[in-house]
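Here, each number is a calculation from the coordinates, and none is a lab measurement. As the structure is a computational prediction, the values presented were derived from the model and not from experiment. Note: ideal-geometry Cβ built from the backbone for every residue, glycine included; neighbour counts use all protein chains shown.
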Amino acid sequence: MTWSAAARGAHQPDNTAFTQQRLPAWQPLLSASIALPLFFCAGLAFIGLGLGLFYSSNGIKELEYDYTGTAGTGGCSACALADRGRAPPPPCSCAWHFSLAELFPGPVYLYYELTNFYQNNRRYSVSRDDAQLSGLPSALRHPANECAPYQRRASGLPIAPCGAIANSLFNDSFSLWHRRRAGGPYVEVPLDRTGIAWWTDCHVKFRNPPLVNGSLALAFHGTAPPPNWPRPVYALSPDPNNTGFVNQDFVVWMRTAALPTFRKLYARIRQGNYSAGLPRGSYVVNITYNYPVRAFGGRKLVVLSNISWMGGKNPFLGIAYLAVGSLCILVGFVMLVVYIRYQDQNDEDEDEE
Amino acid sequence: DCTWQVKANDRSFHEQPHFMNTKFFCIKESKYANNAIKTYKYNAFSFLPMNLFEQFKRAANFYFLILLILQAIPQISTLAWYTTLFPLLVVLGITAMKDLVDDVARHKMDNEINNRTCEVIKDGRYFTKWKEIQVGDIIRLKKNDFIPADILLLSSSEPNSLCYVETAELDGETNLKFKMALEITHQYLQRENALTTFDGFIECEEPNNRLDKFTGTLFWRNTSFPLDADKILLRGCVIRNTDFCHGMVIFAGADTKIMKNSGKTRFKRTKIDYLMNYMVYTIFVVLILVSAGLAIGHAYWEAQIGNNSWYLYDGEDYTPSYRGFLNFWGYIIILNTMVPISLYVSVEVIRLGQSYFINWDLQITTTLNEQLGQIHYIFSDKTGTLTQNIMTFKKCCINGQIYGEWNTSKGMSLAPEKDPVDFSWNMFADGKLAFYDHYLIEQIHSGKESEVRQFFFLLAVCHTVMVDRIDGQLNYQAASPDEGALVSAARNFGFAFLARTQNTITISELGTERTYDVLAILDFNSDRKRMSIIVRTPEGNIRLYCKGADTVIYERLHQMSPTKQETQDALDIFASETLRTLCLCYKEIEEKEYEEWNKKFMAASIASTNRDEALDKVYEEIEKDLILLGATAIEDKLQDGVPETISKLAKADIKIWVLTGDKKETAENIGFACELLTEDTTICYGEDIKTEEERRMRTQSKRRLEARKEQRQKNFVDLACECSAVICCRVTPKQKAMVVDLVKRYKKAITLAIGDGANDVNMIKTAHIGVGISGQEGMQAVMSSDYSFAQFRYLQRLLLVHGRWSYIRMCKFLRYFFYKNFAFTLVHFWYSFFNGYSAQTAYEDWFITLYNVLYSSLPVLLMGLLDQDVSDKLSLRFPGLYVVGQRDLLFNYKKFFVSLVHGILTSMILFFIPLGAYLQTVGQDGEAPSDYQSFAVTIASALIITVNFQIGLDTSYWTFVNAFSIFGSIALYFGIMFDFHSAGIHVLFPSAFQFTGTASNALRQPYIWLTIILTVAVCLLPVVAIRFLSMTIWPSESDKIQKHRKRLKAEEQWKRRQVFRRGVSSRRSAYAFSHQRGYADLISSGRSIRKKRSPLDAIIADGTAEYRRTVES
């Protein structure tokens, strides 16, 4: 076969594998020898993983207490009554008593949980200024427009930190007390409140503005705290390394949650006698009740939990793996049956052809 | 209506104020265009604004412009401005680049043409550029020059100021046409100084696009002379055979007929384009509905929860319904990626790439590729497309004896070696004839049978061919290639036609020159189907020689004519070999009989009314009692591989219609030759359609074009489409287009028209796909076609391989594209239910920006370019594979919805599995990973892995490029994500990159990886299962072939083509003759008998070669 005269000569197409579409290629076919083993192997692997996940999730111990104070549950209902509207309610404390019959294996983590709180609402989650939070002096004085209406005070002073997220900083506080024997004294369990936020957050994303004359307060001079805050940002904590924008509670709060029900880490319990966990005995969690949630139908919980290699207690993934793995095996058998049944028929068809 | 006024040699005349038209407010322009042509669209300044304007005229681009504007409104801006701007810029940029390259090419082309030179006569002679020629100029053209404008022929070097032109570029005909100047200009305008002082004034019609019409008047020397198209040389033609000629420019540049004809090329869109548009509209409607639903949801949520949530206070006093309204726009912006912005540009890129592949393979030009996989009907021209338009003398039957088989001189048939007959004994042989029957030569030399010599003598004398002699070489110019073939054959066999005058003809009979008086030429026409010549031999005998169709000749034979039966048998054999036959016969005429007849003839030829009919009647009287000499068989050479191609295409369920201007007989003959018709085909002629219902038929077109069209047209199309092949004969170029249009309209099928001449241009432009054969008939067909190549047989590769691949690729591409965008976008929808319908995005803005551009585009583009389910060889071997495209099996509304549902399910899995995994969980180190940013990263990672693996599943041809692009895209995603989440970039742009540290913190957790793995598995495993099951239970043709690929490869050496067995020949006339009317008039008028002419063949050969060069440069 020859190409026409016109196709010859200078305009002869390149005869390469690429131009002639003959690149070496692998043409995988979804044949039984690939599909069936794939399903059986995947099924077995998933069931294995599922069992692992399920048992490790089940092995996690969790204690939680709803201290919202709805209708006479526990000691917090009194505080809850005071929780009305938006205005900061008067300080109020209540407590959660519980006892452990055996060791609560450590390390133990203390979380607070909010429900029906839409930190992921778009309007809310954009209301921040990352430039200001990263310590840029210019942004400190000129918060981004997204922060409105928490951009400036009525007096014109820029708010630092600006925005709705910062303004709604969670401000309940907890302390944990332990009594070994009945009638004994309550000993305060040391709560490790450092290192509860991501390292990158405290060291990269959140930075204090440069100190002025060695003073953080002066650095924030000329700014106002968010309206809901009782004290300015540089006074969040007496620890100079944990105050200002890098205050760990603040940083944790500023990492907004994905879903309207969320937990945030409050403290780790890993010091002294409690490094192995919470020994048996009775405990009390003293709660300073400040944060109003009843207006929007939210609830507040305090949670004690330990963790495993895969994190906190959540049976979902383990069950999902088990279900998917079993389905894989089931489908694998269906495919096998269908394959055997139709393989013969196809062969016959071919013979007929 | 002759309002176009041109004055010779007077440029200022045309610049008078009343010839000026106002163009813009005050800028005036002469109504006479100058000769510069402009086909480009932009110049350096207008490119940017005009191109942008053009691009924003497209709905998709405009839509994204609107989105961009919406995003600039702070209340509703839910996505950063760059998420739309960046992809839009990429899309606009790519399109603009392509337009720029195209336009630069047009600029170059225009420049080349405008700067060609030409001689202008004006106070002497000088060369000027084409673009400087103006109306009224007198120009001088030489042999083989292109004509630069439409000019009036004033005089030429030839007698009577004849001028020969080749109009191939205009109408596709390669026959030379002659134009003749007015008597008066011929007489007075030969000399240069006469031309410079020529002051004729022409009034004629305004510029128009009718190539064969012209009316005007020349006023000169106080007399008026009528002008018609015979005196006009049109731009684009080539001067042939005429040493030089002079002419006056009447229309220049944009006013010329060829430019008026070129018109705007209609923008062709493929079926998939239309489908795609409807789907985009569907998606758009879905987008609005979904946004509206979510907006309502938001208003409700706001009333129930949002209003009571003090932490959401934003200082604005909006009502919940107003917030819902704002969120509607917010969702329009967020969900805009449902309407795929890069769809159109990707489709264009894929088409361009596929065009390159086709080009690399076949030497084809450009861009409706996937449509090639959906052809139902092919409309083919005959001459030059199916056939080479080369006639060769193959066989003959003399006195009942057939010559032309491979006979050795011993008369033994079928010698093992085919050695052609040696014609070297004959000084006039042109060496082009390959003839294998040595016995015939012996017969001629021995002279044993007088009929043999008589036979060739007849061929040499009975024709209207004209001859030229240069350097001792004879050159024939025939009105039809059949006639040329016969005269050349006679010449090779020793009976060379040497010269003719008005009434003599000189023949060299085996070396002896003899001159005969031609008493009359009874010319050919399609009713008579024969031509005769009456000559007086030097001895004084009068003889009539006649050649014509067997049917008409047999009616007129003498009852006692010998070898009737043998010749009839021979004719049948020739017919079964699809050779074109003519019968030859002669008769002696008594002097007295001739005298008597001649009187009637003279009377008839000066009759003022019905002259043709009167002549026919007179001819009839003398053409009787003929004595049969034999028959000739000419082969109308097919292009290479035509029958194979046609049978392949037929197996692919493509119907082939041949549309030809030829006569019925010719068309039928060629139908048999290219195996479109076979002996067991029932042929139904158009005339008797009414009665029967038929399997196959052919039709005469004139029936079709009567009034009361609608129903008849529909009936015609319905009937014709029942037939497996249709041949329409005697169709004009316009009718060709109408036939195509009818099928397009009533059958809603994809049509392809293929042709090589300018007479096919209409058809090529009308059909969905036009293919131009770059052959002898000029370049017009190629220019207006979508594809062009050199031979008909490439069509099978174009359709069965490239068309099919392109279609499959485009369909897979589109299905995947809609899937991937739905899977991506609808995650926002599911997330809405958990964020108060607040138009929160489920991904980082940068991810949204780059998803369509970087993370998911390359693999699908490569699949659209490279994928092939079965190899080219197997595609050709199993034409049945082509059917998927014709039936729209791979992309239609059903498949579209399947893709959407697939996308929707994928988005659900992508959202809900991470959601379950994130419920109240914490990280490995106790820190809460259930933050928004980690969640976004988890979903995005699962999405990228899923869609890239999905394209891996869809790819059936994994080259290293595919593998590289798929894994590359995933790697690119992780690379870019880690960069964008790095500390460094946050320090530089703290507000733009807010996800600092998320990737490293989240992806450190095995829990998140397990979530991603499960999500990907749940997305993909069902696809694998469904594919496997459907492949096992309902395997498609292509699946089966793929399965047995190895075995099929082993038996690759199948017979390329079985020897075609033709059934027993039935009685049918194989008569065919391609021309309508000879040059008899011209010969008897004596005008064309020139003293001297150059060899015509040489000129034509030179000319085409030169023309090619011009076109290529």
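Here are the numbers for the structure shown:
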{"quantity": "Descending principal axes extents, region B:721-866, alpha-carbon based, whole Å", "calculated": "73, 31, 25"}
{"quantity": "Using θ = phi - 60° and Karplus 6.51 cos²θ - 1.76 cosθ + 1.60, couplings along region B:905-922 (whole Hz; Gly, Pro as x)", "calculated": "4, 4, 5, 4, 4, 4, 8, 6, 5, x, 4, x, 5, 8, 4, 6, 9, 10"}
{"quantity": "Burial ranking of peptide ranges B:631-641, B:181-191 (average Cβ count within 10 Å, highest at the top)", "calculated": "B:631-641, B:181-191"}
{"quantity": "Test item: B:866-874 mean partner chain Cβ contacts at 10 Å", "calculated": "2"}
{"quantity": "B:A520 long-range amide H proximity, modeled H, under 5 Å", "calculated": "B:I534"}
{"quantity": "Within the protein assembly as shown: Cβ-based charge dipole about Cα centre, in debye rounded to nearest 20 (Lys, Arg +1; Asp, Glu -1)", "calculated": "3620 debye"}
{"quantity": "Nonlocal amide H pairs with B:A725, under 5 Å, H built at 1.01 Å", "calculated": "B:M697"}
{"quantity": "Packing-based exposure ordering (other Cβ within 10 Å, fewest first) of B:H986, B:H981, B:H14", "calculated": "B:H14, B:H986, B:H981"}
{"quantity": "For residues of A:290-296, the mean tally of beta carbons on other chains within 10 Å", "calculated": "3"}
{"quantity": "Candidates per chymotrypsin sites (Phe, Trp or Tyr not before Pro) in region B:274-328, loop by DSSP, up to 14 other Cβ within 10 Å", "calculated": "B:Y318"}
{"quantity": "Cβ crowding within 10 Å averaged over residues, with A:284-296, B:647-659 ranked highest first", "calculated": "B:647-659, A:284-296"}
{"quantity": "Too-long pairs where the Cα-Cα distance tops 31 Å, listed order kept, from B:K177/B:K714; B:K382/B:K1049; B:K257/B:K748; B:K143/B:K257; B:K271/B:K714; B:K213/B:K765", "calculated": "B:K177/B:K714; B:K382/B:K1049; B:K257/B:K748"}
{"quantity": "Estimated dipole of region A:62-306 in Debye, rounded to 20 [Cβ of Lys and Arg +1, of Asp and Glu -1, Cα centre]", "calculated": "260 debye"}
{"quantity": "Sum of side-chain charges, B:G494 neighbourhood, beta-carbon under 12 Å (Lys, Arg +1; Asp, Glu -1)", "calculated": "+1"}
{"quantity": "Size of charge dipole - chain B - debye, nearest 20, with Cβ of Lys, Arg +1 and Asp, Glu -1, no other charges", "calculated": "900 debye"}
{"quantity": "Calculated over the protein assembly as shown: convex hull of Cα atoms, volume per residue (Å³)", "calculated": "238 Å³"}
{"quantity": "Region A:62-306: Rg to Rh, with Rh as the Kirkwood radius over Cα pairs", "calculated": "0.99"}
{"quantity": "Listed residues B:A917, B:L890, B:N762: farthest to the positive end of the dipole of the protein assembly as shown (Cβ charges)", "calculated": "B:A917"}
{"quantity": "Proximal charge balance of A:A224 [Cβ under 9 Å; K/R count +1, D/E count -1]", "calculated": "+2"}
{"quantity": "Unit charges at the beta carbon, dipole of chain B: most positive-side option, B:G324, B:A971, B:F822", "calculated": "B:G324"}
{"quantity": "Exposure proxy ranking, count of Cβ atoms within 10 Å, fewest first, for A:F54, B:F456, B:F974, B:F62", "calculated": "B:F62, B:F974, A:F54, B:F456"}
{"quantity": "Likely footprinting exposure, B:K592, B:K179, B:K624, fewest C-beta neighbours within 10 Å first", "calculated": "B:K592, B:K624, B:K179"}
{"quantity": "Shielding by partners - mean other protein chain Cβ count within 10 Å, residues of A:15-26", "calculated": "6"}
{"quantity": "Whole-Hz ³J(HN,Hα) from phi, Karplus 6.51 cos²θ - 1.76 cosθ + 1.60, for region A:272-279, glycine and proline x", "calculated": "x, 5, 9, 5, 8, x, 8, x"}
{"quantity": "Whether chain B is rounded, prolate or oblate, judged on the alpha carbon gyration tensor where a/c under 1.5 counts as rounded", "calculated": "prolate"}
{"quantity": "Flagged links, alpha-carbon separation over 22 Å, of B:K812/B:K894; B:K873/B:K894; B:K592/B:K624", "calculated": "B:K873/B:K894"}
{"quantity": "Relative contact order (percent, whole number), chain B, Cα cutoff 8 Å, 6+ residue spacing", "calculated": "13 percent"}
{"quantity": "Selection from A:F250, A:N167, A:Y150, by position along the positive dipole direction of region A:62-306 (Cβ)", "calculated": "A:Y150"}
{"quantity": "Protection-proxy order for peptides B:203-216, B:528-541, each taking the mean of Cβ atoms within 10 Å per residue, highest first", "calculated": "B:528-541, B:203-216"}
{"quantity": "Total formal charge among the other residues, if their Cβ is under 14 angstrom from that of B:K122, Lys/Arg +1 and Asp/Glu -1", "calculated": "-3"}
